[in-house]
Amino acid sequence: MTDDRVQKNNFLVQDWGLLDYDLAYQRQKAIVETAQASYTDYLIFCEHPAVLTMGRLAAQRNILAPEAILDKKRVQTRMIDRGGDVTLHCPGQLVVYPILRLTAGQRDLRVYLEKLEKVAIDLLSDFDIVSNSVSGKTGVWVGPKKIVSIGIGVRRWVTFHGLALNVNNDLSLFELIRPCGMDLVMTSMREVLGTAVEMAAVRHKFSAHFQKVFGYGPG
Amino acid sequence: MVQVRIPELGESIDKALVAGWHHGLGDAVRQDEDLLEVVTDKAVFNVPSPVSGRLKAIQAPKGQEVLIGEVVALMEEDG
């Protein structure tokens, strides 16, 4: 049975640990290629060594640091096929790549982005952090500070890329860029709570909220 | 000629920006192969070719804003 309205997708959660950005990208693309045929959706967690990624609308001027400084700090730069401007990944930040085969009733990019925001907001509330989405500024915010950045790609209605949640990461690295092309201040769960957070607990709760918001589960 | 249109991307989305073309004029393209990328908000969407054939006309170059449903290219279908 291949009818989108009938066939329910399988759902797998994977933790790729700390992984080089390029390797993670190759793995993502390999899964995207098979997703339509496999009827399997993936929720992938990982962390990356420091890397700047520039989405399709990124402006070079939003990388503030000169190349020599980036080299010194061992921060690589990658141009990638997601929406949005420049962002930064580094250890201690939870990167989430949902690779979902959106079926006929789910093919709304705005709704998909809003669901990702909701998952993050629900997760943060479990840690007693009040956060919000802001109309016209995709992402999740704690007051005026941004805690989650979102940028996705879609190919044959299979999603890739995703979101980055600042958990315990070094926020000073964001001074290298204008995150998302805006003059904004980033924050993290550690900064808000005043203590480091166990990454495994964040992954576990993220997965639970994700399955609830996206309708995976028994039956 | 077969028209290539920007597909529906969601109820509240009425336009997108052409981020680039995967193929140039005269290229042979297979059905469902990525033809161009459009960007809307924080999403990049790959628009597939509706048929197998040759790309004969590009009506929305990189950087141009396009409406949902707008014709952005013409394909000459094989056979």
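Values computed for the structure shown
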| read-out | value |
| --- | --- |
| Subset tally (residues that are of a type in the set (Ser, Thr, Tyr) and more than 10 Å from chain B (Cβ to nearest Cβ)) for the stretch A:106-138 | 4 |
| Neighbours by Cβ (under 6 Å, 6+ apart or cross-chain): first from the stretch A:177-198, closer than 19 Å to A:Gly143 by Cα; second aromatic (Phe, Trp, Tyr) | A:Met186/A:Phe174 |
| Every residue from the stretch A:175-201 that is modelled with pLDDT of 95 or more, under 17 Å from the mean Cα position of the chain (by Cα) and under 17 Å from A:Lys146 (Cβ atoms) | A:Met186, A:Thr187, A:Ser188, A:Met189 |
| Strands (runs of 3 or more DSSP E) within the stretch A:90-159 that include 1 or more residues buried (at least 21 other Cβ atoms within 10 Å of the Cβ) and in contact with a Leu (Cβ under 6 Å, 6 or more places away or on another chain) | A:93-99, A:137-142, A:145-155 |
| Hits in the stretch A:13-65 (condition: outside any strand (DSSP E or B), in contact (Cβ under 8 Å) with a residue 12 or more places away in the chain and β-branched (Val, Ile, Thr)) | A:Ile31, A:Val32 |
| Residue ID - surrounded by the most Cβ atoms within 10 Å (Cβ to Cβ), chosen from residues in the stretch B:29-53 that are over 15 Å from A:Trp157 (Cα atoms) and away from chain A (no Cβ under 12 Å) | B:Val29 |
| Those residues of the stretch A:73-94 which are in contact (Cβ under 8 Å) with a residue 40 or more places away in the chain and either basic (Lys, Arg) or within 11 Å of chain B (Cβ to nearest Cβ) (or both), in sequence order | A:Lys73, A:Arg78, A:Ile80, A:Asp81, A:Arg82, A:Gly83, A:Gly84, A:Asp85, A:Thr87 |
| Hits in the stretch A:166-219 (condition: surrounded by 13 or more Cβ atoms within 10 Å (Cβ to Cβ) and among the hydroxyl-bearing types (Ser, Thr, Tyr)) | A:Thr187, A:Ser188, A:Ser207, A:Tyr216 |
| Meets criteria (more than 16 Å from the chain's Cα centre (by Cα) and modelled with pLDDT of 95 or more) for A:Ile31 | yes |
| Hey, B:Glu33 under 12 Å from the mean Cα position of the chain (by Cα) and of a type in the set (Asp, Glu) or not | yes |
| Sole exception among (1) among the hydrophobic types (A, V, I, L, M, F, W, C); (2) farther than 28 Å from B:Ala16 by Cβ; (3) touching a residue at least 12 places away in the same chain (Cβ under 8 Å); (4) surrounded by fewer than 23 Cβ atoms within 10 Å (Cβ to Cβ) for A:Ala68, by number | (3) |
| Residues of the stretch B:1-22 satisfying the condition of being away from chain A (no Cβ under 12 Å), in contact with an Asp or Glu (Cβ under 9 Å, 6 or more places away or on another chain) and surrounded by fewer than 18 Cβ atoms within 10 Å (Cβ to Cβ) | B:Met1, B:Val2, B:Arg5, B:Lys15 |
| The stretch A:66-82: number of residues that are over 18 Å from the mean Cα position of the chain (by Cα) and part of a loop (DSSP other than H, G, I, E, B) | 4 |
| The stretch A:130-141 residues that are at pLDDT below 95, paired with ones that are surrounded by 19 or more Cβ atoms within 10 Å (Cβ to Cβ) and of a type in the set (A, V, I, L, M) (beta carbon under 7 Å, 6 or more apart) | A:Thr138/A:Leu113; A:Thr138/A:Ile150 |
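The values are calculated or read from the model by the stated rules, or taken from the named source; none is laboratory data. Being a predicted model, the structure only gives us computed values, none of them experimental. No Cβ is skipped: glycine too gets one built from the backbone with ideal geometry, and neighbour counts run over all protein chains shown.
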